[in-house]
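Below is one structure; the comments refer to it alone.
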Amino acid sequence: MPEMHDNNSTKPKAPRTEAQKEAARANGTKSRGPVTSMGKATCSRNALRHGLTAFHLALVNEDQDRFNQVLNDYMDEYLPEGPTETNLVEQIAYAQWQLYRRLDIRNRHLQCRNRDQPSEDG
């Protein structure tokens, strides 16, 4: 069995005992996860960091109505017929939404950098 290491220490960790493994399994069976719809929605976004690969089209901090407007504008412009064309227009709208998201992230990053730099006035 390979040695287990803690990232913060060079001292190797002792392997878990059978009793510890059994206790972990027993505790794992007790977990039922989130129960409410709000808890489930929150939990579904636990690993979200930047949203560039997000499953949800509009993130919690974004305007769902604005996304819907972007999508509707493309639907009105291209007037897709059938599921394939509809899917392609949806992909265009989503790609545009991700571009907006990237620009927003970039702008916020630049604002933070500029705020953290000392001013020339001293």
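The values are calculated or read from the model by the stated rules, or taken from the named source; none is laboratory data. Bear in mind that the values here come from a model prediction, so they are computed numbers and not experimental data. With ideal geometry, Cβ positions are generated from the backbone for all residues, glycine too; neighbour counts draw on all protein chains shown.
Residues that are under 19 Å from the mean Cα position of the chain (by Cα) and modelled with pLDDT under 90: does the range 82-91 have at least one?
The first filter runs over the range 82-91 and keeps only residues under 19 Å from the mean Cα position of the chain (by Cα), leaving 91.
Imposing the further condition that a residue be modelled with pLDDT under 90 reduces the set to none.
Looking through the range 82-91, none of the residues is under 19 Å from the mean Cα position of the chain (by Cα) and modelled with pLDDT under 90.
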Is it the case that PRO12 is modelled with pLDDT of 65 or more, touching an Asp or Glu at 6+ places or on another chain (Cβ under 6 Å) and surrounded by 11 or more Cβ atoms within 10 Å (Cβ to Cβ)?
-> yes
The residue from VAL60, VAL35 that alone is surrounded by 11 or more Cβ atoms within 10 Å (Cβ to Cβ) and modelled with pLDDT under 85 is VAL60
